[in-house]
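**Q** The structure follows.
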Amino acid sequence: MATASKYDVGNGIHRVPLWRIGGFALNNTATNLYLMLMGYVSFYLGGFVGMATVIASSFSMIMRLWDGVTDPFIGFVVDKTNTKFGKNRPFMVIGQAILCVTSFILFHVTHLLPENTVLRSAFFIIVSMIYYVGYTFQCVVTKSAQSCLTNDPKQRPVFALFDAVYNTALFAGMAIVASNVAAKYHPESSYVTLGFFHEMWVIVAIMSAVFTAIAVFSIAPKDRIEYFGTGKPVMVTLKDYWETLKNNRAIQMLVVSASTDKLASSAKTSAVTAVMFGVVTGAGSLAISAAFQGMTSIPVVILTIFVIGGLATTLGQRKGMIIGSAGGIITSLMLIALWLFGDPTTMNDGNGGMAMSAFTIILIVMTIINSAFNNLSGNIVIPMTADCADYEVYRTGRYVPGMMGTLFSFVDKLISSFAPLIAGVMFAAIGFKDILPDASAPYSDSLKYVGLFLMYGMIILGQICNLVAMKFYPLTKEKMEEIREKINEIKQQAMKAEA
């Protein structure tokens, strides 16, 4: 067993410099960039492949299902892997390469095929299946490497802090970038142009590759066998997957919590943003949305730092989830009331830009608070999977972070895969059967109500599920201390046996 570093502080606790946690968190940001890019896939499928709205939305669901099905098998491979390059880093590099190549093919080759919807659809589906294998390769590491990165209960939530900050900046910044790129190729900010998809792919591919390189470098010193569970290799079989899912109550409850949250957040598509800020405000463009994102993103990041840093690291991850969910429910209800009883049209300055009305100011303040709570409940689940992996070592002696991460992802993706379909069916039911609504769509009350449900209502339902799940989640702050001590005892016994 290798000599302990200065960050192995005793009593079985091993830490890592904070910059390495921040650097490794970029692995999730790298894959989220591609997730964001694929959020516009329905526009490509409708505009260049010829799929109707519901079918295009169903495609996203089917691909997420495929993504989920591949998870357990890839997790199984991760748990059996231990190379000179580590357990996790090979999957980060291979996954990133697959994402880059296949996404290029999807948005640059499909429309060049003969104008046949069946042929183009079949090609897009086959390439997408390969794309999602690469996506899973890199995503599984975000969860599996958590347990070897640090086991300090005060450090683990810090990953969620970095992740929340990065994702807030990413989705706010890229929404602005996307609207500007769309406007560059089409005056009505339409996402259905080849120039839009090419330029967005270039931006995503470069940024994701850079973030992956930083993440690989950051995890390198801890991607070693002495930081894997008890520090000894463990034989894992496919049968262990069922045993773990059946008996590990922690991962069961975390799956319920995270999957319902993901279902809700995935339903809040770019079409929903266009409806609320372009149609309901009467702007007819995405200019207000871009300005709103720009004004709220930095305050959200700052408040998130205090919320996660102050609550999760002090009270433990379970209590952090409970507080984030309760706060998210309350503030989401307040935001729904604001849109229903306030006057959204006062956000519009008459020229399609954002006016600083009372409605605008209240919306900005409430969105910042709501986003900070949502970031806490939504991002804390990743370091919580490391707790679940440690619990499995404590419970059975098996170190199976790949299994833990992919069991989590498998059910998560199965449930959240229905989000695009839910959005597509709801929009189709109010008249948008052939193409999703954009910022230039005509206003109707039904469009506003659908937008509100998809933007806030589903979030509320997901966070109610969080509160129910956390009631039965066994890994309190005190229980994790007991688990850490037990694992340390196992390691010490193994070291004595080797001496």
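**Q** Tally time: how many residues in region 425-448 are touching a Phe, Trp or Tyr at 6+ places or on another chain (Cβ under 9 Å) and over 17 Å from MET276 (Cβ atoms)?
**A** Adding up the residues that qualify gives 2.
**Q** Which one is nearest to LEU436 (Cα to Cα), of the residues in region 172-196 that are aromatic (Phe, Trp, Tyr) and modelled with pLDDT under 80? Steps first, please.
**A** If we filter region 172-196 for residues that are aromatic (Phe, Trp, Tyr), which is where we start, we get 185, 191, 196.
Next, only the ones that are modelled with pLDDT under 80 stay: 185, 191.
Details: TYR185: 19, TYR191: 11 Å.
Among residues in region 172-196 that are aromatic (Phe, Trp, Tyr) and modelled with pLDDT under 80, the one nearest to LEU436 (Cα to Cα) is TYR191.
**Q** Can you name every residue in region 292-305 that is surrounded by fewer than 17 Cβ atoms within 10 Å (Cβ to Cβ), at pLDDT 80 or above and farther than 24 Å from GLY353 by Cβ?
**A** Passing the criteria: only ILE302.
**Q** While we're on this one: Here is a list: VAL133, VAL158, VAL141. Which entry is assigned to a helix (DSSP H, G or I), of a type in the set (A, V, I, L, M) and within 15 Å of the chain's Cα centre (by Cα)? I'd like the intermediate steps shown before the answer.
**A** Details: VAL133 fails: within 15 Å of the chain's Cα centre (by Cα); VAL158 fails: within 15 Å of the chain's Cα centre (by Cα).
Sole residue among the options that is assigned to a helix (DSSP H, G or I), of a type in the set (A, V, I, L, M) and within 15 Å of the chain's Cα centre (by Cα): VAL141.
**Q** While we're looking at this one, here's another question. In region 88-100, which residues are surrounded by fewer than 24 Cβ atoms within 10 Å (Cβ to Cβ), touching a residue at least 24 places away in the same chain (Cβ under 8 Å) and either of a type in the set (A, V, I, L, M) or closer than 30 Å to VAL393 by Cβ (or both)? Break it down stepwise before answering.
**A** Our first condition is that a residue be surrounded by fewer than 24 Cβ atoms within 10 Å (Cβ to Cβ); within region 88-100, this holds for 89-90, 93-94, 97-98, 100.
So of that shortlist, the ones also touching a residue at least 24 places away in the same chain (Cβ under 8 Å) come out as 89, 93-94, 97-98, 100.
The answer is ARG89, VAL93, ILE94, ALA97, ILE98.
**Q** Follow-up question, since we're still on this one. Any idea which of (1) more than 20 Å from LEU33 (Cβ to Cβ); (2) free of Cβ contacts under 8 Å to residues at least 60 places away in the same chain; (3) charged (D, E, K, R) is the one GLU199 doesn't satisfy?
**A** Here GLU199 clears every test but (1).
**Q** Among the helices (runs of 4 or more DSSP H) lying completely within region 319-416, list those that include at least 2 residues that are of a type outside the set (Lys, Arg), modelled with pLDDT of 90 or more and surrounded by 16 or more Cβ atoms within 10 Å (Cβ to Cβ). Working first, answer last.
**A** Working: elements: 358-379, 381-396, 401-416.
Fully inside region 319-416 and qualifying: 358-379.
**Q** Restricting region 430-479 to residues that are under 30 Å from PRO153 (Cα atoms) and among the hydroxyl-bearing types (Ser, Thr, Tyr), which is nearest to the chain's Cα centre (by Cα)? Full working, then the answer.
**A** Looking only at region 430-479, we keep the residues that are under 30 Å from PRO153 (Cα atoms), and these are 459-479.
Right, trim to among the hydroxyl-bearing types (Ser, Thr, Tyr) and you get 473, 476.
On the way: TYR473: 21, THR476: 24 Å.
Filtering region 430-479 for residues that are under 30 Å from PRO153 (Cα atoms) and among the hydroxyl-bearing types (Ser, Thr, Tyr), the one nearest to the chain's Cα centre (by Cα) comes out as TYR473.
**Q** Further question: In contact (Cβ under 8 Å) with a residue 60 or more places away in the chain, surrounded by fewer than 23 Cβ atoms within 10 Å (Cβ to Cβ) and closer than 23 Å to ASN466 by Cα: is that true of ILE308 in this structure? Working first, answer last.
**A** Numbers: in contact (Cβ under 8 Å) with a residue 60 or more places away in the chain: yes; surrounded by fewer than 23 Cβ atoms within 10 Å (Cβ to Cβ): no; closer than 23 Å to ASN466 by Cα: yes.
In short, no.
**Q** Need pairs with beta-carbon distance below 9 Å; first residue part of a loop (DSSP other than H, G, I, E, B) and within region 457-478, second of a type in the set (Asp, Glu); sequence gap 6+ or separate chains.
**A** Note: pairs meeting the criteria are LEU475/ASP387; LEU475/ASP390.
**Q** Using the structure shown, decide if ILE422 is surrounded by fewer than 24 Cβ atoms within 10 Å (Cβ to Cβ), in a helix (DSSP H, G or I), over 15 Å from the mean Cα position of the chain (by Cα) and not charged (D, E, K, R). Write out each step before concluding.
**A** Details: surrounded by fewer than 24 Cβ atoms within 10 Å (Cβ to Cβ): yes; in a helix (DSSP H, G or I): yes; over 15 Å from the mean Cα position of the chain (by Cα): yes; not charged (D, E, K, R): yes.
Answer is yes for this residue.
**Q** Scan region 427-444 and tell me whether some residue there is closer than 15 Å to MET253 by Cβ, part of a helix (DSSP H, G or I) and of a type outside the set (A, V, I, L, M). Before the answer, list the steps.
**A** Initially, region 427-444 is screened for residues closer than 15 Å to MET253 by Cβ, giving none.
No: zero hits.
**Q** Does ILE62 satisfy the criteria of being of a type in the set (A, V, I, L, M, F, W, C) and either in contact with a Phe, Trp or Tyr (Cβ under 7 Å, 6 or more places away or on another chain) or closer than 22 Å to THR29 by Cα (or both)? Lay out the reasoning, then the answer.
**A** Details: of a type in the set (A, V, I, L, M, F, W, C): yes; either in contact with a Phe, Trp or Tyr (Cβ under 7 Å, 6 or more places away or on another chain) or closer than 22 Å to THR29 by Cα (or both): no.
No, not satisfied.
**Q** For TYR449, only one of the following conditions fails: (1) modelled with pLDDT under 85; (2) part of a helix (DSSP H, G or I). What is its number?
**A** (1)
**Q** Of the residues that make up region 250-262, is at least one within 27 Å of PRO442 (Cα to Cα), of a type in the set (S, T, N, Q) and out of contact with any Phe, Trp or Tyr (no Cβ under 9 Å at 6 or more places or on another chain)? Working first, answer last.
**A** If we filter region 250-262 for residues that are within 27 Å of PRO442 (Cα to Cα), which is where we start, we get none.
No, there is no match, as no residue in region 250-262 is within 27 Å of PRO442 (Cα to Cα), of a type in the set (S, T, N, Q) and out of contact with any Phe, Trp or Tyr (no Cβ under 9 Å at 6 or more places or on another chain).
The values are calculated or read from the model by the stated rules, or taken from the named source; none is laboratory data. Because the structure is a prediction, the values reported are computed rather than measured. With ideal geometry, Cβ positions are generated from the backbone for all residues, glycine too; neighbour counts draw on all protein chains shown.
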